[in-house]
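Student: Pasting a structure here, questions to come.
The values are calculated or read from the model by the stated rules, or taken from the named source; none is laboratory data. The structure displayed is predicted, hence computed values, not measured ones. Please note: Cβ atoms are built from the backbone with ideal geometry, for glycine as well, and neighbour counts cover all protein chains shown. Only protein heavy atoms, including side chains, enter the accessible area calculation; ligands, DNA and RNA are left aside. Shrake-Rupley method; radii C 1.70, N 1.55, O 1.52, S 1.80 Å.
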Amino acid sequence: MTKSRALAFAAIVLSLPAAALAADAPADHDVSVLHCARLVDPVAGKLLGATTVIVADGRIKELRSGTVDGKPYEDAAHQAGASYRQIELADATCMPGLIDSHAHLTVQFSKTTYSDQFRLNPADYAILGTLYARRTLLAGFTTVRNLGDSHNESIALRNAINAGTVPGPRIFSAGQFVGTTGGHADQTDGYRWDLQGDPGPKDGIINSPDDAWKAVRQHYKDGADMIKIMPSGGVLDESASADNSQMTLEEIKAVVAAAHDYGFTVAAHAHGAEAIRRAVLGGVDSIEHGTFMNDEDIKLMKEHGTWYVPTIIAGKFAEEKAKEGWYPPQVTAKALQVGPIIQATAGKAYKAGVKIAFGTDAGVYPHGENAKEFEYMVQAGMPPMFVLQAATTHAAELLHKQNDLGQIAVGRQADVIAVPGNPLNDITAMQRVSFVMKGGVVYKEDGKPTL
Ligand SMILES: [Zn+2]
């Protein structure tokens with residue numbers, strides 16, 4: 001292609017309207033009237049009967065009890081030159097779009113994950129991320145916290161979704177993990193010595209409070225929304241311990257202080273009791289996994305108002321795959337140690353009154369199966385309404401987005417999903433999401449994707 005033809009081509013592409021570039025986005029409707037047979041109100045903790053939800057310009061405009069005639073809204077929409085549609089959700093239960101507080105949208109573990117890292121490039125993970133983001137959205141999750149990636153590719157994915165280029169949930173990205181040398185965040189664990197290099201703060205690896213400040217500021221520069229730290233060992237890296245302490249209290253405090261300068265929240269991956277204690281004292285917003293949480297940790301979390309994100313499904317899935325020989329020997333031993341314990345810890349924390357937000361560690365298990373976590377939480381002793389609140393109002397509060405997300409109320413984002421029947425009677429209904437609207441755009445209807 002000659003230079004002048006290339007420039008002409010570029011001019012044509014640039015002059016296309018945004019909607020044409022976002023060719024895979026379903027048609028937007030300026031005004032939608034939803035007739036829900038039932039509606040979960042997580043703020044009141046109540047299941048309401050038939051409810052009509054009126055959506056305009058991507059936001060909830062009005063809520064009316066009963067099945068209200070849509071004709072006046074249709075006429076008003078047409079007069080204003082807006083498009084209109086009415087959606088019948090008969091025998092379905094509507095609720096706010098779900099929030100997964102712990103996902104990794106750009107990776108999905110398999111038998112080949114440990115060798116894939118020597119073959120795949122950041123672009124490969126980004127492309128896979130578009131597939132996993134779509135599956136997550138179609139499972140009813142309209143928002144996720146992306147708690148760590150290897151190359152900041154979840155930031156690019158977030159931007160593409162926000163621009164309407166690819167479908168997916170609203171992402172709040174932690175960018176790269178932050179941890180210490182040889183710890184759970186160190187991508188070179190288990191490598192041959194000459195391949196290990198010496199990752200530093202720019203790669204999320206810190207070894208002092210000064211490094212912590214640099215790593216957080218690098219995240220700000222990279223466009224992250226929040227910070228994810230690794231104060232304890234983890235299961236799926238090739239080091240020896242799942243639960244040892246890998247950050248000092250001073251390092252954690254430095255991360256939190258730096259994060260607060262930039263308006264970031266801090267999520268802490270922690271299995272071990274001592275690591276949980278340090279993270280809570282250091283001022284983090286949430287403890288992820290929390291497997292070996294002890295009574296002192298629980299007491300401190302309640303005192304500090306620290307959130308707990310259990311991720312039971314990840315523990316169970318990794319334990320199952322360890323038995324099938326998916327992982328290297330070090331990882332297998334840790335998966336067998338952690339897997340059987342997380343669910344009981346979640347139940348104990350709930351009984352003690354620790355604040356719980358829904359999160360699954362999606363990517364450890366296949367994306368799109370997130371809603372199995374609801375069933376595991378109920379098995380652990382949490383009431384069905386509580387687990388729905390954990391994935392809506394609670395998770396929105398953890399994100400500091402409670403005024404925008406997590407409830408169907410006037411002025412909020414029009415993130416509405418529906419499941420057949422009544423999930424309070426059968427929580428497995430959450431695994432059969434039939435309708436998904438995000439920001440007023442319908443992505444799934446009658447159980448089928450619209451794109
Ligand atoms: Zn994780």
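Student: Which numbered condition trips up ASP57, out of (1) at pLDDT below 95; (2) open to solvent by less than 70 Å² (accessible area, probe 1.4 Å); (3) under 14 Å from GLY411 (Cα atoms)?
Tutor: So the condition that ASP57 fails would be (2).
Student: State which residue is most open to solvent (accessible area, probe 1.4 Å) when the search covers only the range 255-266 and only residues that are within 21 Å of the chain's Cα centre (by Cα) and among the small types (Gly, Ala, Ser).
Tutor: Only one residue fits best here, namely GLY263.
Student: Here's another thing I want to ask about it. Could you list all residues from the range 255-287 that are outside any helix (DSSP H, G or I), of a type outside the set (A, V, I, L, M, F, W, C) and either within 21 Å of PRO201 (Cα to Cα) or touching a Pro at 6+ places or on another chain (Cβ under 8 Å) (or both)?
Tutor: Within the range 255-287, TYR262, GLY263, THR265, HIS269, GLY283 meet the criteria.
Student: Return only the number of the condition from (1) assigned by TED's automatic domain parsing to the domain that holds GLY290; (2) at pLDDT 95 or above that ALA333 does not satisfy.
Tutor: Tallying (1) assigned by TED's automatic domain parsing to the domain that holds GLY290; (2) at pLDDT 95 or above, ALA333 fails exactly one: (2).
Student: While we're looking at this one, here's another question. Only one residue in LEU120, LEU89 is closer than 30 Å to ALA318 by Cα and away from the ligand (no atom under 16 Å from the Cβ), so which one is that?
Tutor: Checking each option against the conditions leaves just LEU120.
Student: Please list, ordered by first then second residue, the pairs with beta carbon atoms under 6 Å, 6 or more apart or interchain, first in the range 105-121 and within 25 Å of LEU138 (Cα to Cα), second open to solvent by less than 40 Å² (accessible area, probe 1.4 Å) and among the acidic types (Asp, Glu).
Tutor: As it stands, the answer is THR106/ASP149; THR106/GLU153, since those pairs meet every condition given.
Student: Report those helices (runs of 4 or more DSSP H) wholly inside the range 150-254 carrying at least 3 residues which are touching a residue at least 12 places away in the same chain (Cβ under 8 Å) and crowded, with 24+ Cβ neighbours inside 10 Å.
Tutor: By residue number, 153-162, 209-222.
Student: For the range 275-290, which positions are under 15 Å from VAL178 (Cβ atoms), of a type in the set (A, V, I, L, M) and more than 15 Å from the ligand (Cβ to nearest atom)?
Tutor: Residues satisfying the conditions do not exist here.
Student: Read through the list (1) open to solvent by less than 40 Å² (accessible area, probe 1.4 Å); (2) out of contact with any Phe, Trp or Tyr (no Cβ under 9 Å at 6 or more places or on another chain), then give the number of the only condition that ARG432 fails.
Tutor: (1)
Student: Still on this structure, I have one more. Have a look at ASP243, ASP222 and point out the one that is within 28 Å of SER110 (Cβ to Cβ), of a type in the set (Asp, Glu), away from the ligand (no atom under 16 Å from the Cβ) and in the same structural domain as VAL178 (by TED's automatic domain parsing).
Tutor: Going through ASP243, ASP222 in turn, just one is within 28 Å of SER110 (Cβ to Cβ), of a type in the set (Asp, Glu), away from the ligand (no atom under 16 Å from the Cβ) and in the same structural domain as VAL178 (by TED's automatic domain parsing): ASP222.
Student: To continue, here is another question. Which one is nearest to ASN162 (Cα to Cα) among residues in the range 378-396 that are out of contact with any Pro (no Cβ under 7 Å at 6 or more places or on another chain) and surrounded by 19 or more Cβ atoms within 10 Å (Cβ to Cβ)?
Tutor: ALA396
Student: Filter the range 342-377 for residues that are under 15 Å from PRO169 (Cβ atoms), more than 16 Å from the ligand (Cβ to nearest atom) and open to solvent by less than 10 Å² (accessible area, probe 1.4 Å) and give the result.
Tutor: Selection gives ALA371 alone.
Student: Which condition breaks for GLN337 when tested against (1) touching a residue at least 40 places away in the same chain (Cβ under 8 Å); (2) open to solvent by less than 20 Å² (accessible area, probe 1.4 Å)?
Tutor: Going through the list (1) touching a residue at least 40 places away in the same chain (Cβ under 8 Å); (2) open to solvent by less than 20 Å² (accessible area, probe 1.4 Å), GLN337 breaks only (2).
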